Every structure is written in structure tokens, then in C-alpha cells.
1. Starting from residues that are closer than 19 Å to LYS107 by Cα and of a type outside the set (A, V, I, L, M, F, W, C), keep the ones in segment 11-50 and report whichever is least open to solvent (accessible area, probe 1.4 Å).
2. Check whether at least one residue in segment 67-83 is open to solvent by less than 10 Å² (accessible area, probe 1.4 Å), touching a residue at least 60 places away in the same chain (Cβ under 8 Å) and under 22 Å from LEU15 (Cβ atoms), and report yes or no.
3. Is there a residue in segment 250-270 that is more than 23 Å from ASN318 (Cα to Cα), part of a helix (DSSP H, G or I), free of Cβ contacts under 8 Å to residues at least 12 places away in the same chain and hydroxyl-bearing (Ser, Thr, Tyr)?
4. Any idea which of GLU218, GLU208 is farther than 12 Å from LEU154 by Cα, at pLDDT below 95 and not hydrophobic (A, V, I, L, M, F, W, C)?
5. Hey, among ALA284, ALA309, ALA263, which residue is hydrophobic (A, V, I, L, M, F, W, C) and under 21 Å from the mean Cα position of the chain (by Cα)?
6. Tally up the residues in segment 51-66 that are in a loop (DSSP other than H, G, I, E, B) and either buried (at least 17 other Cβ atoms within 10 Å of the Cβ) or of a type outside the set (A, V, I, L, M, F, W, C) (or both), please.
7. Do we have any residue at all in segment 209-228 that's touching a residue at least 24 places away in the same chain (Cβ under 8 Å), open to solvent by 10 Å² or more (accessible area, probe 1.4 Å), in a loop (DSSP other than H, G, I, E, B) and farther than 27 Å from ARG117 by Cα?
8. Given the structure, is ALA151 open to solvent by 10 Å² or more (accessible area, probe 1.4 Å), under 15 Å from the mean Cα position of the chain (by Cα) and at pLDDT below 85?
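The values are calculated or read from the model by the stated rules, or taken from the named source; none is laboratory data. Remember, it's a predicted structure, so these values are computed and weren't measured experimentally. Don't worry about glycine lacking a Cβ; one is built from the backbone with ideal geometry, like all the others, and counts go over all protein chains shown. Note: accessible area is taken over every heavy atom of the protein model, side chains too, but ligands, DNA and RNA are not part of it. Shrake-Rupley method; radii C 1.70, N 1.55, O 1.52, S 1.80 Å.
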Amino acid sequence: MKILAVDDDPIILELLSHFIEGMTDHTLVTAECAADALQVIKDNARAPFDSFLLDIQMPVTDGIELASQIRSMKQYIEAPILMLTAMSEKSYIDAAFSAGATDYVTKPFEMTELKARLSLVERAVEGLATRTSKIFAAKAVTHHNGKPERAVQLHEPMAIHDVNNLIEFMALENYVQQLSRSDLFGSICFAFNIRDVEHFHGSMSNFEFSSMLSDVGEIISDTLDGCQFLMSYAGGGTFVCITESGWRPDPRLLANDINISLAKTELFDNRGEHINPRICAGKAVRLMWKTNSSVMDALSEAHVSAEEATANYQKVQNDFWNVGRTA
């Protein structure tokens, strides 16, 4: 990988250079502030970076704002961003992930931990390259406005951009895995699933389906506005949410509010036909005192619970219309 590291501490940059260039096959470029980093990015436009290491606490422009600026650049909208932080407050970590961070390492960092995090970043870069190559390798590629569309697999997570507090699923997994047990105290996980998502996926173009997911995600985010939360699209029409600060949401009441907003929002496909996505909510799963493995199980439990809620809803609807009918 070609990595850009940004830190106002030259000793940290020296340590990173020694480790990355001495013990890996990666190439490291360094900058001591956000302004220098942006200039370096501009100077390397023809040979862009694969990933970034950003210090959170820097003067003038901190790493959180810099991450947000990097994410706004089209070529880096999905590039992994690894945050370096000496800040123990969870609010800084939350803000970093909201700005687009993929993962983080606390300072002073151990080299084994840094190596493990870089390995995750490397796999993410490889996965991004594989997905990109499939666009051009496909014999039949659908297009939108003359541009190739990335194939959207129904049951795979997908990055959705420009929605407040909506992050990539891998970032959400990294986030909850690294939280301490005390940080998880009071946190709750729940999920929303889009009804008839198979129909939408099968009848829409990639662009239309991605746009619908973005619209639904934005309405969910707006409904949760004012609360501390992070969420991600986990695939299969399911959005997984993590809340904190002791808030105990009622997912079904939230689902009603979301569906009311969806009903008031006019959504159309490329043919100008009105589409009516609606969601079902699963149960709320508390994360208090869970280990890393059981936290991941809780994410899966919330995901499955939302899909089961949709299946139960559709069964009730089918039973209603079939009452009194014979085979």
C-alpha cells in the first residue's frame, strides 16, 4: 500500500516510518499538519494513496476534520482511514467514525497492535480493488448516465455516503470490537429491515437500488437525530444501529415514525414510477458487559431479528388475504 500518515508529533512519524518501511512492503509518506497533508494529496493526484493514518488531536485542523475532507474527495470516498489517538474519551472516537474513520489505534501504540490494524486495512484495500476490477471485467455492465455501475449484491454490505452517522459496516464492526466494557455500558443495538427488498433489488438498476437505500438510510438518520448513535447498512436491506448514553429506544415506535416519514417522502425510480419502501424493526439488544465475540453476536442477533420481523409481517399479510380461501 501507499500510505499517508499525518501527525504533528515528528517522533510519532519517525516511529511509523521505521516500522512501516522497515517491517512491511508498504510505502509511507508523512505530513505534520492537515494543510500539508492536503497539499501532499494534491501533489500525488496521479499516484493516489491507498490508505491514511491520521492523528486525531492536531492544531488548527484536527484529524477528524481532515478525515471528513478526505472523504469528500471522490477518489478517497472508500479509502481506509486509520485514526491515531491518545484521547481516551469515547466522544472523540465516535466523532472520528462519524467523519469516516475505518478503524483506530490508541497511542502510545504497540507495534503488534498497529500491525494487526494495518493488516485489516490491507484486506480492505484488496477488497476494494477486487470490487472495482469486477466492474470492468464483467462482460455485461449496466450503466447510468453513460458510466459503469458497481454491481450491488443483495446480501452484502454496501457503503452509503453523505448520510449523518451512517458508516461502513466494517468500520462499525471495528468500532464495537474495540470499545471497552465500560464504554458498552448502556449501549443498545437494533436494526431495521426493508420489506420486499428482494423485489426492489430484482426490479431496479444498481443505481436505483443504491439510491433507495441512501434515501431510507437518510430518513432513519433523521428520525434518530438528537440521539447519540452510529449505524451501518449490513446488507439484505438491513440497517444496524448502535445507541448509547442510557437511551432505551423502542424500535417498533421508531419504525412507525420512519414509515410515516417514508410515506410523506416522494421516491421515484428512473421510469418516474412511485416506489414505497417500508421497514420493520427487530428487538433491541443490550451490549452491557459483553465480550468482543458476544458483541459481534449481538450485531448478528439484531440483524436477524429485523429480518424475522419482516418475515412475520409478510406472513400476517398473506394470512389476512388468504382467509376464507381454499386451496
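1. For segment 11-50, the residue satisfying everything is SER17.
2. Looking for residues that are open to solvent by less than 10 Å² (accessible area, probe 1.4 Å), touching a residue at least 60 places away in the same chain (Cβ under 8 Å) and under 22 Å from LEU15 (Cβ atoms), one finds none in segment 67-83, hence no.
3. Within segment 250-270 (the criterion being more than 23 Å from ASN318 (Cα to Cα), part of a helix (DSSP H, G or I), free of Cβ contacts under 8 Å to residues at least 12 places away in the same chain and hydroxyl-bearing (Ser, Thr, Tyr)), the answer is no, since none of the residues qualifies.
4. So the residue among GLU218, GLU208 that is farther than 12 Å from LEU154 by Cα, at pLDDT below 95 and not hydrophobic (A, V, I, L, M, F, W, C) is GLU208.
5. None of the others qualify; the one that does is ALA284.
6. So the answer is 6.
7. Initially, segment 209-228 is screened for residues touching a residue at least 24 places away in the same chain (Cβ under 8 Å), giving 209-210, 212-225, 228.
Add one more test, that the residue is open to solvent by 10 Å² or more (accessible area, probe 1.4 Å), and what stays is 210, 214-215, 218-219, 222-223, 225, 228.
Now restrict to residues that are in a loop (DSSP other than H, G, I, E, B): 225, 228.
Adding the requirement that they be farther than 27 Å from ARG117 by Cα leaves 225.
Taking every residue of segment 209-228 in turn, at least one turns out to be touching a residue at least 24 places away in the same chain (Cβ under 8 Å), open to solvent by 10 Å² or more (accessible area, probe 1.4 Å), in a loop (DSSP other than H, G, I, E, B) and farther than 27 Å from ARG117 by Cα.
8. So ALA151 fails the test.
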